[in-house]
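Notes follow once the structure below has been shown.
The values are calculated or read from the model by the stated rules, or taken from the named source; none is laboratory data. Computed from a prediction, not measured in an experiment: that's the story for all the values here. As a convention, Cβ positions derive from the backbone with ideal geometry for all residues, glycine included, and neighbour counts pool all protein chains shown.
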Amino acid sequence: MSVRGMGELGLLDRIKPYLDAGAGVDDAAVIADATGFVVASTDLFVEGVHFDLGWMSAEDAGWRSLALALGDLAANGADPAWALGSIAMPDDWPIDHLTGLYAGMAELGRRFKLTIVGGDMSSIDGPAVLSLTVVGRTAKVPLARSQAEAGWSVAVTGPLGAAAVALRERRPYRLVPRIEEGRRLNELGLCCGDVSDGLVREMEKFAAMAGVGSVLWGEDVPRAAGASIEDALTSGEEAELVCTGPAELLRKAGLQPVGMLTEDPSIKVIDARGAAVTLASTGYDHFA
């Protein structure tokens, strides 16, 4: 048996016995210390899969990679502190690609007072692979996906689908992680996730962690300019956050519900008439 076809959630189930349950098995680890909580997350970015230097600059790719890595800190209400960046690259890779990646990451990092404190380098035969570990801090422990409850409402912080539109147009997209918004929403007691793999796929993660499904009202999901309903539901690599909580808490946060968590663990999308919406895919999964 190989990993092909198992999906990321299926693979996660296989390695759960070897992970520290106390830190939580989610997109980020939350670890208590003497002054609050440390939030740590790691991401891989593969040339030709996550970034394409044929039509985007290395600076754009570096900014974009760090922005996506910071999404997990935003979802947990953490203020970025530092990052480790490691890279494996072919030995004939242009030096401008390397320096450009780090220049783009440093430019975004300065926006959030985040510093890149180290990492590692290695040679590789195939495409370049960038690994980023980001660490932040929060005074309040964030709600994990496993704590989500049936009956809670679902909302997003802004229009979705911009990443899909930019990809179709082969246009660099410098998303900005919702750090300040994530802090505010976590302080209100909402349970949040970043839309890294698409909204429907994020709801599948809630189902896997908490055993709750969801119904999404497809036409109510806000869309970026030029984005279709399917883009908004399945496009990943978004800056926006998806949040769940009691309806009155979402209203207090200024968010408009676009769905509801259900006891039925399935994920459904319906239109304004209540009919099921058929999607070509539910989002991106490396191992589907």
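Criterion applied to 74, 61 was being at pLDDT 95 or above, surrounded by 17 or more Cβ atoms within 10 Å (Cβ to Cβ) and over 26 Å from residue 210 (Cβ atoms), and the one residue passing it is 61. Looking across 108, 73, 84, one residue alone is under 30 Å from residue 185 (Cβ atoms), in contact with a Phe, Trp or Tyr (Cβ under 6 Å, 6 or more places away or on another chain) and among the aliphatic types (A, V, I, L, M). It is 108.
Quick grid of which residues meet (1) more than 30 Å from residue 251 (Cβ to Cβ); (2) touching a residue at least 60 places away in the same chain (Cβ under 8 Å); (3) in contact with a strand residue (DSSP E or B) (Cβ under 7 Å, 6 or more places away or on another chain); (4) of a type in the set (Ser, Thr, Tyr):
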site: 110; (1), (2), (3), (4): yes, no, no, no
site: 116; (1), (2), (3), (4): yes, no, yes, no
site: 119; (1), (2), (3), (4): yes, no, yes, no
site: 138; (1), (2), (3), (4): no, yes, yes, yes
site: 150; (1), (2), (3), (4): no, yes, yes, no
site: 158; (1), (2), (3), (4): no, yes, no, no
site: 175; (1), (2), (3), (4): no, yes, no, no
site: 194; (1), (2), (3), (4): no, yes, yes, no
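Of all the listed residues (239, 288, 280, 272), the sole one being modelled with pLDDT under 95, within 19 Å of residue 181 (Cβ to Cβ) and outside any helix (DSSP H, G or I) is 239.
Close contacts from region 10-26, counting a first residue that is in a helix (DSSP H, G or I) and surrounded by fewer than 14 Cβ atoms within 10 Å (Cβ to Cβ) and a second that is modelled with pLDDT under 65 and not aromatic (Phe, Trp, Tyr), with Cβ to Cβ under 6 Å and a gap of 6+ residues or different chains, come to 16/25. Checking 126, 118 one by one, the residue that is under 26 Å from residue 29 (Cβ atoms), outside the structural domain of residue 201 (by TED's automatic domain parsing) and more than 21 Å from the chain's Cα centre (by Cα) is 118 and no other.
Annotation note: of 84, 73, 66, 114, the sole residue that is aliphatic (A, V, I, L, M) and over 30 Å from residue 204 (Cα atoms) is 114.
Inclusion of residue 213 among residues that are touching a helix residue (DSSP H, G or I) at 6+ places or on another chain (Cβ under 8 Å), within 25 Å of residue 80 (Cα to Cα) and among the small types (Gly, Ala, Ser) is not warranted. Do we have any residue at all in region 236-256 that's crowded, with 19+ Cβ neighbours inside 10 Å, touching a residue at least 24 places away in the same chain (Cβ under 8 Å), of a type in the set (Gly, Ala, Ser) and more than 26 Å from residue 36 (Cβ to Cβ)? Yes, region 236-256 contains a residue that is crowded, with 19+ Cβ neighbours inside 10 Å, touching a residue at least 24 places away in the same chain (Cβ under 8 Å), of a type in the set (Gly, Ala, Ser) and more than 26 Å from residue 36 (Cβ to Cβ). Checked against (1) closer than 12 Å to residue 159 by Cα; (2) in contact (Cβ under 8 Å) with a residue 60 or more places away in the chain, residue 220 meets all criteria but (2).
Every condition in (1) of a type outside the set (Ser, Thr, Tyr); (2) under 23 Å from residue 150 (Cα atoms); (3) in a loop (DSSP other than H, G, I, E, B) is met by residue 226 except one, and the failing one is (2).
Residue by residue, here is whether (1) at pLDDT 95 or above; (2) surrounded by 21 or more Cβ atoms within 10 Å (Cβ to Cβ); (3) not assigned by TED's automatic domain parsing to the domain that holds residue 210 holds:
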| site | (1), (2), (3) |
| --- | --- |
| 28 | no, yes, yes |
| 38 | yes, no, yes |
| 65 | yes, yes, yes |
| 80 | yes, yes, yes |
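Determine whether residue 161 is in the same structural domain as residue 264 (by TED's automatic domain parsing) and among the small types (Gly, Ala, Ser). Criteria met by residue 161.
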